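What follows is a single structure, written as structure tokens, with notes after it.
The values are calculated or read from the model by the stated rules, or taken from the named source; none is laboratory data. Bear in mind the structure is a predicted one, so any value in this text is a computation, not a measurement. FYI the Cβ positions are ideal-geometry reconstructions off the backbone, even for glycines, and counts take in every protein chain you see.
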Amino acid sequence: MKKQIFILSLIIWCLSSALVCANVPLMPVEDIVPGMRGIAKTVIEGDTIEEFNIEVLGVIGNDAMGHNILIKASGDVIDRSGGIAQGMSGSPVYINGRLAGAVAFGKAFTDPKYCFLTPIGRMLDLLNEPAPRPSEFLPKNTPLMAGGFTESGVRYLSEKLEPFGLKATGVGGSGSFSSTQPLQPGSAVGVSLMRGDIQLGALGTVTWVGDDGEILAFGHPFMQRGDSCYFMNKAWILASLPNLESAYKVGNIGETIGTITQDRSAGIAGKIGQGPPVVPVYVSVTDGARGINNSSRVEVIDDEVLLPAMLDAVAYNTVAKTMDREGGGTARFSFRIDGRGDISGSINVQRENMYYAAAGIGKLINQELVEAGTILTQNKFEKVDIYGVNINIVLDDKAEVAEIISAAVREKEAAPGDTVHIDVQLQPYRAPKVTKTVLFKIPKEQREGKLPLTVRGGSSLAWIQNLLRKQREEGVPAQQKDNRKTLNDFIKSINEADQNNDLIVDIAAGQGAPNAAMQSGGGFASMLEGSPMKQKTTMNFIVDGTTDIVIDVVK
């Protein structure tokens, strides 16, 4: 009878633990007591899994918020690695042959031989419906390794990743390795956001592998994004380097072998096999002053929140690599984003512009790219799948900028529907004045009388500041409502927005003729768009400044 009960109990336990790989027995946190000893598995060089000793010092926490296990590590591996190193996160810990948990957390211990473990039971919850819990301790994680990034590119990338709690570390080229070993508990594993000519990812350790290819790793969150879609990569460890703060592993992130699908407080989970959806990105940068061209071809994870920051970082890094200098200049920037919306169908955002900055030109030029990426990925109207992003940038160290000095109309009088010639005098940077002639067609419905026009450059916002000042003086409430009602409205506003190198003639807001943009309550976005009568002439330089002229309209 006792034998039958034992067999029945064993069957029940096996069913409840059906996800456990290769019949690895588990040790519940309730069974762990101070003084227990065991071993942990990790890689500190190449792809060879080695073991180090651990001693349990205690268990803290509760059922509601979760438990953590304090351990002390020892042995030759720990001596050679400089202690519990960043990148050992996820290293499985076995006590009496039973899997107890994974290396996960470190406090500001002066002795790097101490760390916390995440119990395996809590990690297995990732494979079911995970219950979100906060991370109680500092993760023993490896900073993101940025392969193929310049020094300034790494600094810029770190700025963009700071809101996500990540920090990038430059590791030179993307590297390569020849490991053919399958993932198993203790193997090094990579989690990456970007692959190709430049790479961005972190190293950790596999805790557990299921019979169907599911894995658990890290023992702490990567970014704690919940449902996720990161690259799962093979990894090759070059060394574990001692450091005053914390030792850390350095290695190469290799081929994609699956997808990380969960990123929560207890660790990350994924499945070996098919990789995640990607967004192909191609960046071409030419330094006209030096006659040098560089390009970057990468694939970025299809993540609505991270994608704009990744586009920004890839474009900036390619610019930094090509310019090979800190400073200013003029940039001609164009990009195209292709995708498909659930409602809108085929989507195309295509934009060209010119920029100038006396310093830091590389940080200026990506603003519209980031805005477009954010609108597409994070809009409130519909989900958009992005198929590809193409970016082209041409740089010069010259200041290709001119300021409007004056404007005059050649025709003394004009009738509705006539085209008039406007001579605009411009002052280029450190060069003689030039005069450019632009055309303006008077609206056919324009009434007789004085028609005030504003002549401005695409890079000048002084006209909006004047408009807002006049509205305040006249007691006109500033419009706040945005009249863009669909995703296509936002896309149209991007595609048709003024360029910094446009010379623009528009009916002065609130004067002469009804201004649809000002009367529609469209707010600041519609102010930027101007009136339906606006006419633009694209120049080969950035145009700044604004002036007013008046046309006599007669019938």
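Residue-wise test of (1) over 27 Å from residue 68 (Cα atoms); (2) small (Gly, Ala, Ser).
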| position | (1), (2) |
| --- | --- |
| 152 | yes, yes |
| 160 | yes, no |
| 165 | no, yes |
| 189 | no, no |
| 221 | no, no |
| 228 | no, yes |
remark   = Counting only strands (runs of 3 or more DSSP E) wholly inside segment 139-236, the ones holding at least 2 residues that are modelled with pLDDT of 90 or more are 188-196, 199-209, 214-217
ask   = Scanning for something outside the structural domain of residue 222 (by TED's automatic domain parsing), basic (Lys, Arg) and part of a loop (DSSP other than H, G, I, E, B), does segment 295-304 turn up at least one residue?
value = no
note = Of (1) closer than 30 Å to residue 379 by Cβ; (2) surrounded by fewer than 17 Cβ atoms within 10 Å (Cβ to Cβ), residue 327 fails just (1)
query = Within the bounds of segment 35-45, is there any residue that is surrounded by fewer than 14 Cβ atoms within 10 Å (Cβ to Cβ), assigned by TED's automatic domain parsing to the domain that holds residue 190 and at pLDDT 85 or above?
reply = yes
Close pairs (6 angstrom Cβ cut-off, 6 or more residues apart or separate chains): in the same structural domain as residue 537 (by TED's automatic domain parsing) and under 21 Å from residue 337 (Cβ atoms) in segment 485-508, polar (S, T, N, Q) and buried (at least 20 other Cβ atoms within 10 Å of the Cβ) anywhere = 499/353; 500/353; 500/459
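Go over the candidates 408, 357 one by one and state the one that is among the small types (Gly, Ala, Ser), more than 27 Å from residue 298 (Cα to Cα) and surrounded by 15 or more Cβ atoms within 10 Å (Cβ to Cβ).
Testing whether each residue is among the small types (Gly, Ala, Ser), more than 27 Å from residue 298 (Cα to Cα) and surrounded by 15 or more Cβ atoms within 10 Å (Cβ to Cβ) leaves just 357.
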Extreme residue, nearest to residue 250 (Cα to Cα), among residues of segment 71-98 that are touching a residue at least 60 places away in the same chain (Cβ under 8 Å) and β-branched (Val, Ile, Thr) = 84
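Here is a yes/no grid of residues against (1) in a loop (DSSP other than H, G, I, E, B); (2) at pLDDT below 95; (3) of a type in the set (A, V, I, L, M); (4) assigned by TED's automatic domain parsing to the domain that holds residue 535:
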| position | (1), (2), (3), (4) |
| --- | --- |
| 381 | yes, yes, no, no |
| 389 | no, no, yes, no |
| 424 | no, no, yes, yes |
| 437 | no, no, no, yes |
| 440 | no, no, no, yes |
| 444 | yes, yes, no, yes |
task = Kindly list, by first and then second residue, each pair from a residue in segment 43-70 that is more than 15 Å from residue 206 (Cα to Cα) and touching a residue at least 24 places away in the same chain (Cβ under 8 Å) to a residue that is of a type in the set (D, E, K, R) and not in a strand (DSSP E or B), limited to pairs with Cβ atoms under 6 Å and residues at least 6 apart or on different chains.
result = 66/122; 66/133
query = Within segment 239-251, can one find any residue that is within 17 Å of the chain's Cα centre (by Cα), at pLDDT below 90, surrounded by fewer than 22 Cβ atoms within 10 Å (Cβ to Cβ) and among the hydrophobic types (A, V, I, L, M, F, W, C)?
reply = no
request  = Could you list all residues from segment 360-374 that are under 18 Å from the mean Cα position of the chain (by Cα), surrounded by 14 or more Cβ atoms within 10 Å (Cβ to Cβ) and not in a loop (DSSP other than H, G, I, E, B)?
outcome  = 362, 363, 364, 368, 369, 370, 371, 372, 373, 374
message = Among the residues that make up segment 305-314, is at least one of them within 20 Å of the chain's Cα centre (by Cα), among the small types (Gly, Ala, Ser) and surrounded by fewer than 20 Cβ atoms within 10 Å (Cβ to Cβ)?
response = no
query = Which one of these is within 20 Å of residue 230 (Cβ to Cβ) and at pLDDT below 95: 309, 289?
reply = 309
